[in-house]
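What follows is one structure encoded as structure tokens, with my remarks underneath.
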Amino acid sequence: MLEPILRTHGLTKSFGALKATDDVSIDLLPGEIHAVIGPNGAGKSTLIAQICGTIKPSAGRVEFLGKDVTSISARQRSLTGLGRTFQISALAMEDTVLQNTVLGALGATGNPWRFVRPALKHSELRSVAESALERVGLEDVMHTRTDELSHGQRRQLEVAVALTLDPRAFVMDEPMAGLGSEGSIRLTGFLDELRNEAPILLVEHDMDAVFALADRISVLVYGKVIATGSIEEIRKNADVQEAYLGDES
Amino acid sequence: MVNERLFNLLILAILIGVPAWAYVSDEPFIITLMTRAVVFALAAVGLNIALGLGGLVSLGHAVFFGIGGYAMGILAFHAQTFTPVTEWPFVIEGTKSMPVIWLVAVVMSSLAALVIGMLSLRTAGVYFIMITLAFGQMFFFFTISWSTYGGEDGLSVYVRNGFPGLNTLDPIQYFGICLIILMTALTFNLFLAKSPFGLALNAARQTPQRVETVGLNSTRLKLVAFVISGAITGLAGALFADLNRFVSPTMFSWQLSGEIIIFVIIGGVGRLFGPVVGALVFVALEHLLGGLSDYWHIYLGFLLLGIVLFGKGGLIGMICGREKVDA
């Protein structure tokens, strides 16, 4: 039995009477893609924020690489190897694609206290950044300002920045959102390989991608996990069909 | 659109050419006016590091300007009265040496920026503006009541402080000192903006969440920027005091903090030469319109309004367009 890289125990977040997440216990095993799906407002983003440390849970624990990380900050969780991509791009829009990626490489070194030589002339930062951009296929636009990128390219850049940190696990919030079908297929192929480097907790609306990639799926409805299992198990699950896939089947 | 580098060179030519012309045609007043612009520009270069790179709208930068000024005032006052600054725990004498005064001004204003920054950076947005303003007012009223050093009347220094090998009372020589310091600060600013620190700071302004996600501490980046910023503005304060041979609590006034922000906004927030252009325009208006009316600020208001409404990126943004990206 493999030890999970990432695990939550009974994560709960209440906003007043509303429970955005309710006793969520999921885990992420080495080498897998674990997809979290659910209708809008099911609490997926709250779950991610709690795992990554930007929202403090009302109850429950987060365990990463065998250690309890519930009380440490988002920044420290990143330093221990939790790579996050955002649903709404959190990129420096006035900076170029390359600058955004170099920022990731700089973060990985942990030493921003360098005041003289231009950041883009640091070859070690630049090579990490450029290889990450090549992997997601953004090398041709690396000198473009981020606010001039298409929505889909920004999603790719999100992934590239996460790659520069060489994380032990990825938490990705809707990386496919806004990608055209071609981009979506390309990113799907890429994530498929990426899982061998580090497992991915994938929150995604694009069902084609989820069914193509996921080893396991958890279904979140009204903050509760109503089912976890393989693609087949989830397809057959009556509760899931009623709550979520109902219209399609 | 004019190439920004070319435009900056033009500004530099004005900074050198106008005083050179004034020197040849024996117009010391113009040289003094240009020195005033250069010193204001230096203060605004300091603010531009906090505001342009770090996004920190400090309405309290007069604190550092004033500390620099009083560092000069107090040291020179004790030197001209032949009394020690303090006798405990050890004797510190006053001094008339500019390099020593500059060092004290930079150290004291950095320390003040460190303390003010640590407290203010716990807040953001309008609260940050208000808390920096509050610190400014505290210093302002403190110096008003500080009777040892003239209280409300301020302190006069009879002879300008000295720099080894130069005659600082000669307007053109003092201008040269100030210009070299400004150019040094601009060079430092240029390197800083492109450095890894500058990249991270710039990102912390735009998206602090991202900076934290890559494992960097955005608050600490901003604090260091605030300290550097305060140090430069403090140095400008010492030069300003020596230019006027006078310091008073008005150096700490919130109007002065506002004016430093105005220099940066007129020229262009975050643009290398923005503070220089802003300070030149301000001093030019002050001189040209100040003769027409004591209320010349109303025209400054119109200019500011026009720039904020119609010109993104200040005068440099209007003339040179958007900043070129680094490759």
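Each value in this text was obtained by applying a stated rule to the coordinates, not by laboratory testing. Computed from a predicted structure; not experimentally measured. Here the Cβ is made from the backbone with ideal geometry for all residues, glycine too, and neighbour counts use every protein chain on show.
Note on B:Leu292, B:Leu121, A:Leu165: ascending count of other Cβ atoms within 10 Å places them as B:Leu292, B:Leu121, A:Leu165, the fewest first.
So if I take the centroid of the Cα atoms in the range B:110-152 and the same for the range B:180-228, what is the distance between those two points in Å? When both Cα centres are located, 23 Å separates them. Based on the Stokes-Einstein relation at 4 °C and a viscosity of 1.567 mPa s, and on the Kirkwood radius from alpha carbon pairs, the protein assembly as shown is assigned a translational diffusion coefficient of 49 µm²/s.
Our coupling estimate for the range A:25-41, obtained by passing each phi through the Karplus curve with A = 6.51, B = -1.76, C = 1.60 and θ = phi - 60°, is 10, 9, 9, 10, 8, x, x, 10, 10, 10, 8, 10, 10, x, x, 4, x Hz, Gly and Pro reported as x. Across the range A:5-20, computed HN-Hα scalar couplings (Karplus, 6.51 cos²θ - 1.76 cosθ + 1.60, θ = phi - 60°) run 6, 9, 8, 10, 10, x, 5, 9, 9, 9, 10, x, 7, 7, 9, 6 Hz from first to last residue, x flagging Gly and Pro. Take every Cα pair under 8 Å whose residues are at least 6 apart in sequence, average their separation, divide by the length of the range B:33-252, and the relative contact order is 44 percent.
Between the helical axis of A:181-194 and the longest alpha-carbon principal axis of chain A there is an angle of about 90 degrees. With R₀ set to 35 Å, the beta-carbon distance separating B:Phe191 from A:Thr80 gives a calculated FRET efficiency near 0.60.
Legend: mean number of C-beta atoms from other chains within 10 angstrom of residue C-beta atoms, peptide B:180-192, equals 1.
As a proxy for reagent exposure, B:Thr219, A:Thr96 were ordered by neighbouring Cβ count within 10 angstrom, fewest first; the result is B:Thr219, A:Thr96. Of the residues A:Val221, A:Gly16, A:Pro175, the one whose Cα sits farthest toward the positive end of the charge dipole of chain A, with +1 on the Cβ of Lys and Arg and -1 on the Cβ of Asp and Glu, is A:Gly16.
The percentage of C-alpha pairs in the range A:26-90 whose separation is greater than 20 Å is 28%. Across the range B:57-65, coupling constants 3J(HN,Hα) worked out from phi with the 6.51/-1.76/1.60 Karplus curve, θ = phi - 60°, read 7, 8, 9, x, 6, 4, 3, 6, 4 Hz, and Gly and Pro carry x. As a calculated quantity, the FRET efficiency between B:Trp21 and B:Trp296 at R0 = 22 Å, using C-beta atoms, amounts to about 0.35. Coordinate range of the alpha-carbon atoms in the range B:172-289 per principal axis, descending: 49, 28, 25 Å. DSSP beta bridges fully contained in the protein assembly as shown are about 60 percent antiparallel.
With a cut-off of 11 Å on the backbone N, the residues of the range A:1-29 near the modelled label site 7 Å out from A:Tyr222 along Cα-Cβ are A:19. Let a ≥ b ≥ c be the square roots of the eigenvalues of the Cα gyration tensor of the range B:1-146; is it rounded (a/c under 1.5), or, if not, prolate (a/b larger than b/c) or oblate? It is oblate, given that a/c is not under 1.5 and a/b is not larger than b/c. Label-to-label distance for B:Val2 and A:Asp140 is 3.8 nm, based on points extended 7 Å past Cα in the beta-carbon direction.
Can you give the calculated 222 nm mean residue ellipticity of the protein assembly as shown, where each DSSP H run of n ≥ 4 adds -39,500 (n - 2.57) and the sum is split over every residue, rounded to the nearest 500 deg cm²/dmol?
Helix contribution divided over all residues of the protein assembly as shown: -17500 deg cm²/dmol.
Just checking the listed ones, A:Thr12, A:Thr85, A:Thr54: in the Gaussian network model of chain A with Cα springs under 10 Å, the one fluctuating most is A:Thr54.
For the range A:180-229, the average shadow cast by the Cα convex hull is 3.9 nm², which is a quarter of the hull's surface. Is the C-alpha gyration tensor of chain B telling us rounded, prolate or oblate? Criteria: a/c under 1.5 is rounded; beyond that, a/b larger than b/c is prolate, otherwise oblate. Here chain B falls in the oblate category. DSSP assigns beta bridges within the range A:158-248; of those with both partners inside it, close to 55 percent run antiparallel.
Counting only DSSP beta bridges with both residues in chain A, the antiparallel share comes to about 55 percent.
Comparing B:Thr132, B:Thr143, B:Thr207 in a Gaussian network model of chain B (Cα springs below 10 Å), the most mobile by mean-square fluctuation is B:Thr207. Counting neighbouring beta carbons within 10 Å and listing from fewest to most, the residues A:Asp22, A:Asp239 come out as A:Asp239, A:Asp22. Compute the Cα gyration tensor for the range B:240-286, then decide on rounded, prolate or oblate, letting a ≥ b ≥ c be the square roots of its eigenvalues: rounded whenever a/c is under 1.5, prolate when a/b is larger than b/c in the other cases, and oblate in all that remain. Taking the square roots of the gyration eigenvalues as a ≥ b ≥ c, the range B:240-286 is prolate.
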